[in-house]
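Worksheet for the structure shown next.
The values are calculated or read from the model by the stated rules, or taken from the named source; none is laboratory data. Keep in mind the model is a prediction, meaning the values are calculated, not measured. Counting neighbours? That spans all protein chains shown, and the Cβs are built from the backbone with ideal geometry, glycine included.
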């Protein structure tokens with residue numbers, strides 16, 4: 001029996017974070033939560049997650065800065081990352097974030113089914129399905 005995948009959610013909005021947690025727990029993922037980037041880095045360094053879901057626009061360390069920190073750390077750099085954004089980012093921004101190390105970009109509001117497909121694909125590419 002394999003260990004359930006551990007997903008770290010980084011979201012400053014309590015309602016959004018709770019919604020994501022509920023969706024993931026229904027799919028039997030183990031969920032860890034952080035409300036901002038610095039807290040996420042600390043949690044990741046203590047116990048490596050299988051995948052990270054992060055909001056882009058947060059106070060303190062935003063999504064882009066968080067990914068830079070993760071990709072520069074050899075112990076964290078291989079973690080698949082899903083970026084969620086409520087901004088008006090277009091396809092050019094989508095390409096930019098993929099070049100910068102995010103595995104999946106999703107525009108809020110997200111649909112649970114689409115999120116699960118994206119997570120399972122990212123986890124299977126990383127070998128943690």
_Looking at 59, 80 in this structure, which one is at negative phi and out of contact with any helix residue (DSSP H, G or I) (no Cβ under 8 Å at 6 or more places or on another chain)?_
59
*Of the residues that make up the stretch 33-44, is at least one within 12 Å of residue 7 (Cβ to Cβ), without any contact (Cβ under 8 Å) to a residue 40 or more places away in the chain and surrounded by fewer than 20 Cβ atoms within 10 Å (Cβ to Cβ)?*
yes
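Residue by residue, here is whether (1) modelled with pLDDT of 90 or more; (2) out of contact with any helix residue (DSSP H, G or I) (no Cβ under 7 Å at 6 or more places or on another chain) holds:
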residue	(1), (2)
76	yes, no
84	no, yes
119	yes, yes
127	no, yes
*Would you point out which residue out of 13, 55 is modelled with pLDDT of 90 or more, within 17 Å of residue 106 (Cβ to Cβ) and surrounded by 21 or more Cβ atoms within 10 Å (Cβ to Cβ)?*
55
*Determine the pairs where a residue that is under 17 Å from residue 83 (Cβ atoms), located within the stretch 5-25, has a partner that is surrounded by fewer than 17 Cβ atoms within 10 Å (Cβ to Cβ) with Cβ atoms under 6 Å apart, the partner being 6 or more residues away or on another chain.*
23/112
_Filtered residues of the stretch 35-62 (kept if closer than 22 Å to residue 120 by Cβ and more than 11 Å from the chain's Cα centre (by Cα))_ = 44, 47, 48
